[in-house]
Each structure stands twice: as structure tokens, then as C-alpha cells.
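Worksheet: one structure, shown below.
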Amino acid sequence: MTLFSPRLAARLDALVEKYPLRRSALVPMLLYAQDEIGYISDAVVAEVAQRIGITELDVRNVATYYSMLRFKPAGKYNVQVCTNISCMLRGGYEIYERFKEELGIGHKGVTPDGLFSLEEVECIGVCCWAPAIQVNYDFHDELKPDLVPGIIDGYRGKAVAEAPHA
Amino acid sequence: MADVTFIVDGKKLTAPAGTLLIDACRKAGIEIPAFCYYPGLSLQAACRMCVVRQEKVGKLQTACTTTVAEGQVFITESAEIAQARKATIELLLGNHPLDCPVCDAGGECELQDMTFKYGAGESLYTEAKQHREEQQWSPAVYYDRPRCILCYRCTRMCGEGMDVWALGVQNRGVRSVIAPNGGGQAGQSNSELDCEQCGMCIDVCPVGALTSGSYRYKTRPWEMNHVSTVCTHCADGCKVTLGVRQVNDGSEIVRADNRDKSGINGDFLCAKGRFGFDFVDSPERLTKPLVRNEAGDLEPATWEHALRVAATKLKEVRENKGGAAIGVIGSNQTTNEENYLLQKFARTVLNTNNIDHERTADYAAFASALAGHPGKAASLREAATAPAILLIGGNPTEEHPLLAWNLRTNVRLNRARLYIANSGEIKLERQATAVQHLSDDGYPALGAYLDLSNSAFSKAVLAEASLLVIFGQEYRGAQVASLVEWGLKRASVRFAYLGDYANSRGAADMGLLPNLLPGYVPVAEPGAFDAEYVGLSATAGKTQPEMFDAAAKGELGALLVMGANPVAKLGIDLIALNNTFVIVQDIFLTETAALADVVLPAASLYEKTGTVTNTYGDVQLTRKAADRAGVKPDFEILVRLAEAMDADVKRLVPFGKACTTADLGQSRGANSGEADRHSVWLAANSLEWKMSPFDPLAVLDEIERLVPGYALDRTNLFGGNDVATEPGFVPVSALAGPDLVVPAHDGLFTSGTLGRYSPALKALAQYQAAEVVETAVE
Ligand code: SF4
Ligand code: SF4
Ligand code: SF4
Ligand code: FES
Ligand code: FES
């Protein structure tokens with residue numbers, strides 16, 4: 001029994017054998033699991049612990065250290081707004097404020113329809129095009145506050161398009 | 001390693017190369033402050049309190065990770081170092097609540113002491129402090145995050161020391177918390193502790209972040225007196241320091257630990273030793289003698305009356321039916337002096353050899369097997385130092401927590417090789433070099449199997465130059481003999497045999513056996529006892545089951561039970577005792593006491609002075625810590641009973657000028673109840689204020705004089721150390737049936753009848769049972 005898709009399960013099987021110490025696979029396993037399940041649930045903790053052969057406490061000790069691992073479901077589109085130095089100097093906070101306003105949620109909030117969540121994050125590595133945000137694995141850079149509603153609408157449309165037809 | 005010489009604060013020091021600087025300094029009397037360093041645990045270097053200046057090195061170095069080498073030069077106190085330490089403390093206090101006035105640790109807190117020393121009383125921080133609510137993790141362990149300084153002593157103690165790994169560190173930076181392993185949701189720190197509940201984590205916490213369910217918010221440290229005595233539970237015999245406070249009807253125990261690391265256990269105590277002292281204050285304690293009235297009910301009575309009733313009846317049975325119609329059952333939790341006195345009372349006053357106790361191991365067989373082979377019995381200390389150990393049977397983690405601790409420590413710190421042969425799976429296999437699983441009846445053949453040397457296990461064991469053989473209750477009678485014989489063929493083998501209760505070994509050593517006198521001297525060949533024990537019969541008496549058979553047949557006129565509960569243990573039919581007059585000395589109204597005609601309320605092991613012998617033969621001094629109005633030590637009860645029977649008390653207890661060299665009362669405990677009773681008795685009998693018949697140490701003299709193997713090192717004994725007995729025992733001709741040995745198999749939270757009266761142990765047992773069910777469901 002596994003929580004994961006056959007593909008991911010196979011990938012995790014390979015991962016634990018890859019390092020001299022099985023527990024070295026812990027962080028990548030958690031990241032992949034989060035990508036598929038959406039967050040690190042109790043069940044994820046249990047399965048990862050069991051796959052590596054360490055205690056659940058060990059998994060939690062490591063997982064809670066990393067701010068990019070979440071323990072509650074995020075929105076379908078997780079909006080991460082950088083407010084670190086380059087982005088801050090080029091208006092990152094204005095972007096962040098505009099997202100808060102448009103989505104009606106704050107840091108780590110999720111919209112009631114579950115579509116969006118918002119996070120204020122540290123440098124995401126695109127300082128040269130600051131201010132930048134990351135939505136799931138997509139980047140949007142050189143932003144102005146007025147571009148925010150368009151970005152949101154884009155994802156709304158995407159969600160509708162992807163929704164299974166009734 | 002070779003010694004090296006180096007200079008600390010201008011002083012030339014010498015230590016083996018590779019010694020940690022902090023240890024080398026401490027040994028030389030130079031104290032270096034440390035929060036995260038804890039001897040015996042892995043290095044953490046997390047707190048930066050131990051910083052020192054090393055010549056020719058750019059930055060301050062942590063003394064807890066610096067190893068000494070030839071020619072190094074260190075400074076451990078200077079303005080620069082004081083400033084660094086002060087800054088560290090200032091950071092630690094950044095989120096610290098400074099609630100010292102109500103904190104359990106206030107007055108004995110390492111953070112408080114260091115703040116006082118380095119004067120970091122003011123802070124540049126103006127930010128609001130992070131607060132978190134205190135959490136209860138289990139009935140025993142509470143965690144107060146704001147007080148935690150993240151030294152990780154607790155996580156390492158639990159993981160490395162206990163091999164339980166129940167504590168972790170979660171989150172990051174100032175949000176870090178120590179988290180237990182059970183309950184709670186992902187992302188939130190857990191809130192339940194599923195572990196052995198030993199309280200070691202609480203013990204090593206340098207501040208008041210981990211507090212104990214039984215001690216928290218109860219007292220201020222300086223309100224307690226401290227009395228060091230011996231744990232009353234399992235047969236390992238940890239030295240325990242009891243924190244005692246005066247109350248209206250005596251004094252109460254509020255805490256048990258062993259922070260001074262003295263004794264065979266260092267700082268170790270298990271849940272029973274640390275929390276299981278509360279039976280002492282149980283409302284169910286017997287505090288008045290009870291005598292069965294005409295209506296058939298037990299009714300409170302005065303001591304005089306109860307003793308008179310008991311004595312009259314004992315005399316009557318002795319005179320009319322003879323001593324053979326009287327039975328005596330002794331205890332596994334009373335002192336050696338009491339056990340010795342009980343059998344002497346039985347043999348010389350009641351004129352009977354019908355004396356026995358609940359046997360949990362076949363110590364007589366062990367003594368007989370070792371007879372004539374001096375230097376082959378191992379102290380518990382050796383489990384922590386022996387290079388190779390063969391553990392056969394038993395389950396130390398559950399039944400001998402200190403032994404398990406010593407073995408783990410030895411493997412971890414000294415790379416000792418632990419070989420385990422067991423019919424079950426035991427947790428210590430995690431530390432084992434090699435494991436051999438046996439069938440349930442495979443124990444007797446083990447020696448022969450090893451000699452065949454046809455497995456990796458037996459080859460490894462046989463290759464050891466010296467071996468400490470520790471074996472469990474699986475071995476009885478002839479099997480003990482053949483195992484010991486197997487070992488004695490080899491050059492350097494020492495033995496330890498695992499029994500169950502605090503003084504089970506002492507009960508056997510002191511002759512609570514129908515056929516053997518103290519020191520396993522057969523009653524048929526009493527030797528030195530002959531001259532001293534007037535009226536000693538040379539025929540063996542009845543064993544415990546035989547006594548109850550006799551009672552059922554109406555042949556047992558009287559039964560005296562001291563601190564035992566045979567009715568529950570043996571499942572005795574209630575009507576079996578209908579025709580027997582039963583006298584019980586106990587702490588509680590046990591199943592046996594409830595059937596008695598006279599019940600005499602006794603003091604517990606924590607309320608009297610004496611000695612006890614652990615299962616390894618190490619003798620230790622118990623001291624009177626608590627006091628309870630109304631009760632008397634079993635020793636005094638026996639003396640008074642003898643006196644009420646018009647026996648010559650002076651023959652029973654060698655007290656007074658001519659008879660003894662025992663001390664003049666210095667070793668009686670912190671409280672004076674005993675001394676008061678002395679003065680009353682002495683005045684009543686117009687004796688010198690010097691020695692009393694209630695002084696158990698007068699009997700210790702006699703034990704040392706008469707009991708083979710008990711020539712004790714008194715200086716060490718009274719200094720609070722364990723002293724080994726040398727079983728230079730007289731050979732045993734008549735060994736009793738091995739079927740009389742019934743192991744109790746008490747676990748981490750049970751302790752025979754006594755454990756049932758400890759609310760703390762009951763709560764822990766219940767809690768852990770629920771945790772196990774929860775985990776199983778998941
Ligand atoms: S009580 Fe003992 S076993 Fe439990 S967490 Fe503390 S150290 Fe570990
Ligand atoms: S709880 Fe105590 S022992 Fe554990 S890390 Fe905090 S201060 Fe150290
Ligand atoms: S290991 Fe035994 S003697 Fe030591 S504290 Fe626990 S019960 Fe008491
Ligand atoms: S500071 Fe925003 S991407 Fe680096
Ligand atoms: S004691 Fe050395 S860093 Fe903590």
C-alpha cells in the first residue's frame with residue numbers, strides 16, 4: 001500500500017537505494033511527495049519514515065526545519081511573492097500587498113475556493129528580473145502591481161479549462 | 001593514550017592525549033561552564049558557554065570539543081571570555097521568561113547560576129518575548145518551551161543513553177522546540193510521549209524546561225533535606241537521593257534523583273526509582289495496629305494490645321503444639337538486618353525452621369555452585385566496564401533497567417562486546433555484537449552448544465579472553481550449577497544472577513529458608529551458629545507451600561508474615577487459613593493482611609536504616625528518609641514482639657556496652673523518630689543512653705561476625721558506597737526444589753504488591769498501555 005502514484009512510488013524506491021545512507025533520501029522524498037500530494041500529511045510522514053526505516057519523529061525533525069515544506073494543503077496555485085532584498089528594492093512589497101488585496105488572503109492563507117494560496121518568501125533566485133513571484137513551478141518577473149489581476153485571471157482561466165467537464 | 005602536558009591558566013596539567021579539555025580541567029578543579037556538554041553523551045557544541053582562549057588560535061575555542069595535546073596553552077577566564085559568555089547568556093535570555101520565582105529549577109538552575117556569575121542581568125532587547133504554553137507530554141514529563149535553552153541534553157540522553165529516541169528537535173531558530181514522538185499532527189509539534197518514562201531527560205535538563213509530574217510546583221529546592229538511600233523496587237539497587245520535606249504527620253518524600261552521580265547507578269534511575277516513591281504517602285497506608293475482634297472484623301488497637309495478643313498466641317502455640325506448628329514468611333523488600341532478625345526470632349524464640357520467602361531466583365544454587373571459587377561473583381559495576389559480556393536469558397530493559405543502562409553505556413563508550421543468548425527477542429539485541437536465539441528449553445544445553453564452537457556466535461564467545469556471564473531466572477537448581485561449571489572451566493569468567501526485588505538476594509543470604517541459615521549454612525551443620533542460636537533445630541522446616549498445606553490440614557497454629565503477600569502471590573484459598581492465627585507486618589492491607597488476626601503497620605524501606613543486597617551481591621546502606629506517624633520499622637516490631645513473649649531481647653539483638661561496636665546513632669537518618677523511641681525504651685529499661693535493641697546496626701555486627709561472605713568494608717558502606725560481598729560460602733548439601741522459584745517478571749511500571757499502591761506508577765502503566773494501543777491502531 002502506498003499513498004503515491006506508481007510512478008512516484010518507483011522513483012522513491014530507487015531514491016532510497018541511491019545513497020550510502022538511506023536517510024540521505026529524506027529531503028528529496030519529502031519534496032516529491034509534497035509535489036504530488038500537495039503537502040506533507042501525517043500519512044506522508046508515516047510512509048516516508050517506513051520507506052527509509054527511521055522513526056516518524058526523525059522525519060518531522062527534518063521536515064519542520066524547511067520552510068518550503070508545508071503541513072497543510074495549499075491552494076491549487078501557490079503564489080510565492082519574493083520580498084527579499086532585490087525584489088524589495090524594486091517594489092516586491094507592493095506586489096505582495098496587491099496579491100493580498102486581490103485574493104483577500106494573507107501570508108499562508110488559502111482562498112475559500114481552494115484555488116489560490118499566498119506566501120511571502122525569501123529570494124527565489126531571479127533577482128536580475130526583480131520583483132518576481134513563483135506560482136507552483138512558474139515564474140513571473142519584472143512585475144508591476146497592475147499586472148497582478150491579469151496573472152490571477154490567467155490562472156482562473158486555466159483552472160476552468162482544466163476542470164473536468166460536467 | 002600517552003599522557004601529554006599542557007598549561008591552563010598558568011597551571012601545568014597532565015592528561016591522556018585526546019582528553020576533552022573540559023574534562024581535563026574539571027579533574028584539575030578548574031570549572032568551565034557548559035550547558036550542552038554532558039559527560040558520556042555525544043558532543044554538541046551548541047551553547048558556546050565553554051569558550052576558552054587557546055594560544056596561537058585566532059578565535060575562542062569550545063573546551064567541550066577541544067582535545068588536549070602536548071604543549072598547548074589555554075586561558076579559561078579573562079575579560080574577553082567573560083564578555084563572550086555574557087553575550088551568550090544574553091542571547092539565551094532573549095526569549096527566556098525569567099520566571100525563576102515559580103520555576104522548579106529556581107535555586108538549582110545552571111542558567112540562573114551562570115547569569116549570576118557573569119552578570120548578564122540586563123538586556124539590550126526590547127522585542128516582546130516569544131511565548132508558548134506549557135505542554136504535558138505524559139503523566140511524568142512536562143515541557144515548558146520558553147524556559148528551554150536548546151542544549152539538546154534531553155534528546156541525546158533519551159536517544160544515546162536510553163536508546164529510546166523519543167525526543168526530537170523541530171522547527172528552526174528561535175522557533176525550535178523539543179518535540180516528543182507521539183500524538184499531534186504533522187507540522188505541529190507532537191504532544192505525547194511514548195517512551196520508558198524514566199525521567200532522565202528531566203534530570204539532565206539544566207533549566208526548568210522539562211519538569212516532572214510528581215515534583216513540579218511542589219516545593220522550593222532549598223526547603224528539602226536530602227537523604228541518600230537505596231531504591232525499594234527492582235533487584236539492581238540504585239542509589240537514590242530522596243528530597244524530603246517536613247509535614248504534620250512526619251516527613252514526606254517529594255523527589256527522587258541521584259544528581260550527585262554517586263553509587264552504582266551514577267545519575268541513572270528508571271521510572272520506578274524516580275517516581276515510584278509515592279506509595280509512602282498513600283492514604284491506604286496502615287498507620288494503626290489492627291486486631292480481629294469477636295465479630296470477626298479488624299479493629300484499630302494500640303500497639304501494646306496488638307503485640308500482647310500476637311505474643312500470647314505465638315507463645316500458646318509454641319507451648320502447646322511446638323515450634324513446628326508455627327510458620328514464618330519473610331520479605332524481599334525488608335533490610336538484611338530485619339531478615340536476619342526474623343529468622344533468628346523464628347529459630348530461637350519460636351523454635352521453628354519453618355521459614356521461607358517468595359523466591360524469585362535460586363540464589364542458594366548460585367551460592368553452592370560458586371562455593372570454593374572466590375572472586376567469581378561480579379558486582380553490577382562490572383556490567384559497565386567489562387570488555388565482553390554474555391547475557392543469557394532475562395530481559396534487562398524491562399526487569400533490570402540499571403543493568404540495561406550499564407550494558408548500553410559500556411557498549412557505547414567502551415565498545416564492549418555484548419553477546420546475547422535468549423529464547424525471546426529482547427531490546428538489548430540492538431547493542432549486541434552477536435545474538436543466539438534459543439528454544440524455550442534450550443538454556444540447559446547452552447554451555448555444551450558453545451563448546452561445540454560450530455557457529456559464529458560460539459566462536460566469538462569462546463574467543464573472548466575474559467567474560468562476564470549474566471544469566472536470568474531461566475536457570476535454577478542444577479542448571480545454575482552446570483552453567484557455572486561451564487564458566488569456571490575458562491580462565492577469566494565472572495558471574496551475575498538476576499533475581500527480582502530490592503532485597504531478594506538479601507532475603508536468601510540472610511537465611512529466610514527452611515533448610516539454610518544465613519550465608520547458606522545448612523541447619524544440619526550449623527557451625528558457628530550452634531553456639532549462639534539457643535534452641536536451634538537441626539531438621540529443615542517447611543517451605544512456603546508446605547506451610548500453607550499444613551494450614552489447610554489444620555496443622556499450622558500460627559503464621560507470622562513480614563512484608564509479603566503470599567495469599568495473592570500463591571493464590572491461596574481463603575479458607576486454608578481458617579484454623580491458623582495469622583500475624584502480618586506490612587505497609588498496606590494486602591490480601592494477606594486482610595485475612596490476618598493481628599496486623600502491625602510497618603515502615604517502608606524509605607523509612608528506616610539498614611542494609612540491602614542487590615542481586616549481584618552488592619551491599620548498600622539504606623537511610624531513613626521519610627517518617628510516618630504510627631508505623632514502626634519491622635526490626636522494632638520484631639524486637640517488641642520478642643519482648644512481649646518474654647524472650648531475652650539481649651540474646652536476640654546484641655545491644656548495650658558488652659555486645660556491640662555498632663555506631664552511636666550517627667547513621668540513623670535525617671529525622672529523629674527512631675532516636676526518640678530509643679530514649680523511651682532505654683529509660684524504661686534503665687539502660688545507658690548508648691545503644692538500643694531497636695538499632696538495626698547492632699545486628700549488622702552480628703551479621704558480619706557470623707554470616708559467611710558478609711565481612712563488609714564498613715568505611716565504604718557508611719560512606720554511602722556499595723560494597724561487594726564475597727560469596728566464600730559454605731558448600732550447600734541440601735538444595736530446595738527449583739520449582740519453588742517463581743520469577744515475578746515485573747516490568748518498568750510494576751513492582752509486585754508494592755507497585756499497586758503507587759499512583760504515579762499506576763498512571764504511567766495505564767498511559768503507556770494506551771499509547772501502545774494507539775500505535776497498534778495506527
Ligand atoms: S522519560 Fe526517558 S525515555 Fe521518556 S523521553 Fe525522557 S529520557 Fe526518553
Ligand atoms: S528541554 Fe532542557 S535539556 Fe532539553 S534542550 Fe531544552 S534546556 Fe536542554
Ligand atoms: S533500575 Fe531498579 S533499582 Fe534502579 S531505579 Fe529502577 S527499579 Fe529502582
Ligand atoms: S531577491 Fe527576489 S528573487 Fe532574489
Ligand atoms: S558546552 Fe561547549 S558548546 Fe556547549
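Would you confirm, using the coordinates I've provided, whether residue B:196 is more than 16 Å from ligand 3 (Cβ to nearest atom), farther than 23 Å from residue B:43 by Cα and more than 11 Å from chain A (Cβ to nearest Cβ)?
On the way: more than 16 Å from ligand 3 (Cβ to nearest atom): no; farther than 23 Å from residue B:43 by Cα: yes; more than 11 Å from chain A (Cβ to nearest Cβ): yes.
No, not satisfied.
Pick from B:506, B:487: which is in a helix (DSSP H, G or I), in the same structural domain as residue B:467 (by TED's automatic domain parsing) and of a type outside the set (Lys, Arg)?
Values: B:506 fails: in the same structural domain as residue B:467 (by TED's automatic domain parsing).
None of the others qualify; the one that does is B:487.
Go through the stretch A:49-68 and count every residue that is open to solvent by 10 Å² or more (accessible area, probe 1.4 Å), within 20 Å of residue A:122 (Cβ to Cβ) and hydrophobic (A, V, I, L, M, F, W, C). The number of residues fulfilling the criteria is 2. Report, by residue number, each residue of the stretch B:14-40 that is open to solvent by 10 Å² or more (accessible area, probe 1.4 Å), assigned to a loop (DSSP other than H, G, I, E, B) and either in contact with a strand residue (DSSP E or B) (Cβ under 7 Å, 6 or more places away or on another chain) or more than 16 Å from ligand 2 (Cβ to nearest atom) (or both). Result: B:17, B:18, B:19, B:28, B:29, B:30, B:31. Being more than 14 Å from ligand 2 (Cβ to nearest atom), buried (at least 20 other Cβ atoms within 10 Å of the Cβ), away from chain A (no Cβ under 14 Å) and among the β-branched types (Val, Ile, Thr) holds for only one residue in B:115, B:126, and it is B:115. Of the candidates B:213, B:250, B:243, B:263, the single residue that is within 29 Å of residue B:503 (Cβ to Cβ), in contact with a strand residue (DSSP E or B) (Cβ under 7 Å, 6 or more places away or on another chain) and within 11 Å of ligand 3 (Cβ to nearest atom) is B:263. In the set B:153, B:216, only one residue is within 16 Å of ligand 1 (Cβ to nearest atom) and buried (at least 24 other Cβ atoms within 10 Å of the Cβ); that residue is B:153.
When residues in the stretch B:129-179 are screened for being within 14 Å of chain A (Cβ to nearest Cβ), over 25 Å from the mean Cα position of the chain (by Cα) and hydrophobic (A, V, I, L, M, F, W, C), 8 of them pass. When residue B:327 is tested against (1) in contact with a Leu (Cβ under 9 Å, 6 or more places away or on another chain); (2) without any contact (Cβ under 8 Å) to a residue 12 or more places away in the chain, only condition (2) is not met. The single condition among (1) within 14 Å of chain A (Cβ to nearest Cβ); (2) of a type outside the set (Asp, Glu); (3) more than 27 Å from residue B:408 (Cβ to Cβ) that residue B:220 does not meet is (1). Scanning the stretch B:313-364 for residues that are within 13 Å of residue B:561 (Cβ to Cβ) and hydroxyl-bearing (Ser, Thr, Tyr) returns B:331, B:334. If you go through the stretch B:414-431 and keep only what is within 25 Å of the chain's Cα centre (by Cα), open to solvent by 20 Å² or more (accessible area, probe 1.4 Å) and free of Cβ contacts under 8 Å to residues at least 60 places away in the same chain, you end up with B:414, B:429.
Pairing each residue of the stretch B:59-70 that is open to solvent by less than 10 Å² (accessible area, probe 1.4 Å) with any residue that is at pLDDT 95 or above and part of a loop (DSSP other than H, G, I, E, B), provided the two are 6+ apart or on different chains, yields C-beta distances under 6 Å for B:63/B:32; B:63/B:50; B:64/B:34; B:64/B:37; B:64/B:50; B:68/B:19.
How many residues, within the stretch B:83-102, are of a type outside the set (A, V, I, L, M) and in a loop (DSSP other than H, G, I, E, B)? Give the steps one after another, and end with the answer.
Residues of the stretch B:83-102 that are of a type outside the set (A, V, I, L, M), as a first pass: B:83, B:85-86, B:88, B:90, B:94-97, B:99-101.
Narrowing the set further to residues that are in a loop (DSSP other than H, G, I, E, B) leaves B:94-97, B:99-101.
Here the count works out to 7.
Has the stretch A:71-81 got at least one residue that is of a type in the set (Ser, Thr, Tyr) and within 16 Å of ligand 4 (Cβ to nearest atom)? Within the stretch A:71-81, not a single residue is of a type in the set (Ser, Thr, Tyr) and within 16 Å of ligand 4 (Cβ to nearest atom). For the stretch B:273-311, a residue qualifies if it is over 14 Å from residue B:596 (Cα atoms), without any contact (Cβ under 8 Å) to a residue 12 or more places away in the chain and not in a loop (DSSP other than H, G, I, E, B), and exactly one does: B:304.
Of the helices (runs of 4 or more DSSP H) lying entirely inside the stretch A:1-117, the ones with 1 or more residues being over 22 Å from residue B:169 (Cβ atoms) and within 14 Å of chain B (Cβ to nearest Cβ) are found at A:26-37, A:42-52.
Check the stretch B:117-132 and report whether any residue there is over 26 Å from residue A:71 (Cβ atoms), away from ligand 5 (no atom under 16 Å from the Cβ) and modelled with pLDDT of 95 or more. Among the residues of the stretch B:117-132, not one is over 26 Å from residue A:71 (Cβ atoms), away from ligand 5 (no atom under 16 Å from the Cβ) and modelled with pLDDT of 95 or more, which makes the answer no. Apart from one condition, residue B:124 fits all of (1) touching a residue at least 24 places away in the same chain (Cβ under 8 Å); (2) of a type in the set (A, V, I, L, M, F, W, C); (3) on the phi > 0 side of the Ramachandran plot; the exception is (3).
The values are calculated or read from the model by the stated rules, or taken from the named source; none is laboratory data. What you see is a predicted model, and the numbers here were worked out from it, not measured in a lab. Reconstructed Cβ throughout: ideal geometry from the backbone, glycine too, with neighbour counts over all protein chains shown. Heavy atoms of the whole protein, side chains included, go into the accessibility calculation; ligands, DNA and RNA do not. Shrake-Rupley method; radii C 1.70, N 1.55, O 1.52, S 1.80 Å.
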